[in-house]
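Worksheet: the structure to be examined is printed underneath.
Computed from the coordinates by the stated procedures, all read-outs in this text should not be read as laboratory data. Everything numeric in this text was worked out from a predicted model, so none of it was measured. A quick note on method: Cβ atoms are made from the backbone with ideal geometry, for glycine too, and the neighbour counts reach across all protein chains shown.
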Amino acid sequence: MILAALDVFANSLDFLVDRRELLLEKTWEHIELSLVALAISILIGVPLGVALGHLHRGSFLAVNIANIGRALPTLVVIAVGFTVLGIGFTNVIFALVVLGVPPILTNAYVAVDEVDRDAVEAARGMGMTPIQVLRRVELPLALPLLFAGIRTAAVFIVATATIAAIAGGGGLGDILVNQAAYRVEGLVAAALCVSVLALAADAGLGLLQRLLTPAGLKQQVSSFEPDVRPVV
Amino acid sequence: MAQPVIPDFGEASECVSENRLFCPDWVRDNWDPVLQPALVQHIQLTLIAVGFGFVISLGAALAAHRLRFVERPFAWVSAVIYTIPSLALFQLLVPITGLTVTTVEIALVGYTLLILFRNTLAGLRAVPPEVLEAARGMGLTAGQTLWRVELPLAVPAIIAGLRIAVVSTIALATVAAFVVSRGLGGPILGALRLDFRTEIIAAGALAVGLAVLADVLLVLMQRLATPWAASRRSA
């Protein structure tokens, strides 16, 4: 059994080399799809979360939306989107955005809501307008946590995009759901590519998150690990 | 010449043959042969995965609580597993364990580890030092302290972890259908290929409903398991 498994892994390495053009093309498609979905999710989630956090309103909705997002199975969202929107890019982007917004929105809300009230008070005392308070105090202090949400969503979207191939999204999932054409070797090779992509997105955004953290916050943030990451 | 055999699939209702958004009659007719078995399998998949995951993470968390060097490697490995997309992890395991339930369960167990380990360890570490001091003063051994003081006080954190693990396992188990036809993912995937809307919506609603129900049950379990917290809650 172990020998047979090793054989498959060896063959999948061959597949990686022989079909590298196909894999590169599908990987690029996967990245494109994920970036579009992530950009839309950020455009929806960040302003909404920041606004609610700034006003300290809607905590129930903002906090629970992440829980709701977690309870929604990816396959169900894709399948229901498919029944309503049909096959293709729009449906897939819709599903990815539905699943990508919750972690971004919740983190953005919590990040701004939990900014030290004394700091906000002090800024107001200095005569800053609400917009200035938001831009110069709340946002910089909220940035690390806000970015953690984007990181979570990015990993989540890369993973979900894999399953989205079933509804015509393209990307590496095209290979992963098509055993008849690519056999086990192809599936394993594509699985390796998508795993590396997810790990790279996580590590890369983690690095960016650290770079964006204001120096004064570094000490505090290093001990904080958000555990609202959903799994796909 | 013999008559060709035409299989009798019964009469499809107007709603089903027109593939309207949702046909209650199809759900009623197919509850016993299709939906109910899938639901039961889904619950089995989830219980086995969370059960094994809980035992492994509890062991690792207890080890890491006493020996600090255990924490980093276990947290790192479970974080890497957590980041790998489920469909990819399933396919990476297929050459080793085949298109079987084992493949699915190994992956599902893998996804529960990070959350359960982190929450359990955080719960154990959050026990106030003066409580441990009092336990020692009462003459409790290290083992007794663990069982009677530390673990009970960690219950809320552990259950918080279980809630996340159970809900996400229920969601993830739908993807298992790509490997082996078990659980609610089976009908969803089958219906997706046939573009049959009622089955997608019915099975999808069952999966979401199951996750919500499990979450509510775990909250109730936590209230029962930590009666001392009730007075604090009401205060």
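Computed from backbone phi, the HN-Hα couplings of region B:130-141 come to 5, 5, 5, 4, 4, 4, 5, x, 6, x, 6, 6 Hz, rounded to whole numbers (Karplus: 6.51 cos²θ - 1.76 cosθ + 1.60, θ = phi - 60°; Gly and Pro given as x).
Per-residue Cβ counts within 10 Å, from other chains only, averaged over A:185-192: what number is that?
Values: counts 1, 1, 8, 6, 1, 3, 10, 4.
The mean count of partner-chain Cβ atoms within 10 Å per residue comes to 4.
Considering only A:HIS54, A:PRO73, A:GLY171, and ranking their Cα positions along the charge dipole of region A:15-222 that arises from unit charges at the beta-carbon of Lys, Arg, Asp and Glu, the one farthest toward the positive end is A:HIS54. Each semi-axis of the equivalent ellipsoid for the protein assembly as shown is √(5λ) with λ an eigenvalue of the Cα gyration tensor; in descending order they amount to 39, 28, 25 Å.
Cα centroid separation, region B:39-111 to region B:193-232: 21 Å.
Only helical DSSP H runs with n ≥ 4 go in: add -39500 (n - 2.57) per run for the protein assembly as shown, normalise by residue count and round the 222 nm mean residue ellipticity to 500 deg cm²/dmol.
Details: 22 runs with 354 residues, N = 467.
Rounded to the nearest 500, the figure is -25000 deg cm²/dmol.
Shape class for region A:3-111: prolate, because the ratio a/c of the largest to smallest gyration tensor axis (alpha-carbon atoms, square roots of eigenvalues) is 1.5 or more and a/b beats b/c. For region A:15-222, the residue among A:PRO140, A:GLY100, A:ILE40 whose Cα projects farthest onto the positive side of the dipole built from Cβ charges is A:PRO140.
Per-residue Karplus couplings for region B:63-76, computed as 6.51 cos²θ - 1.76 cosθ + 1.60 with θ equal to phi - 60°, are listed in order as 4, 5, 5, 8, 10, 4, 5, 6, 4, 4, x, 5, 5, 5 Hz, Gly and Pro entered as x.
Counting only alpha carbon atoms, the long axis of helix A:89-113 and the longest principal axis of chain A meet at about 30°. As a size descriptor, the averaged projected area of the C-alpha convex hull of region A:15-222 was calculated at 13.0 nm².
Take each residue of peptide B:170-177, count the partner chain Cβ atoms within 10 Å of its Cβ, and average: the result is 5.
One Cα centroid belongs to region A:165-204, the other to region A:53-84; the line between them spans 25 Å. Distances between placed amide hydrogens fall under 5 Å for A:ARG19 paired with no residue 5 or more residues away or on another chain.
Looking only at other chains, what is the average number of their beta-carbon atoms within 10 angstrom of each beta-carbon in B:202-212? Show your work: numbers first, answer last.
Values: counts 0, 4, 9, 2, 1, 5, 7, 1, 2, 6, 3.
Counting Cβ atoms of other protein chains within 10 Å of each residue's Cβ and averaging gives 4.
For chain A, the longest principal axis of the Cα atoms and the long axis of helix A:139-164 meet at an angle of about 20 degrees.
The HN-Hα couplings worked out from phi for region B:213-223 by the Karplus form 6.51 cos²θ - 1.76 cosθ + 1.60 (θ = phi - 60°) are 4, 4, 5, 5, 4, 5, 5, 4, 4, 5, 5 Hz, whole numbers, x standing for Gly and Pro. Relative protection proxy for A:88-96, B:103-111, from highest mean packing down: B:103-111, A:88-96 (other beta-carbon atoms within 10 angstrom). About the centre of its Cα atoms, chain B shows a dipole size close to 1320 debye [charges on the beta carbon of Lys, Arg (+1) and Asp, Glu (-1) only; nearest 20 debye]. What you get for region B:155-235, charging only the Cβ of Lys and Arg (+1) and of Asp and Glu (-1), is a dipole of about 280 debye around the Cα centre. Each Cα pair of chain B feeds into the Kirkwood radius, which the Stokes-Einstein equation turns, at 4 °C and 1.567 mPa s, into a diffusion coefficient of 63 µm²/s.
Distance between the C-alpha centres of region B:138-190 and region A:88-120: 25 Å, rounded to the whole angstrom. Using only side-chain charges placed at the Cβ, +1 for Lys and Arg and -1 for Asp and Glu, the dipole size of the protein assembly as shown relative to its Cα centre rounds to 1560 debye.
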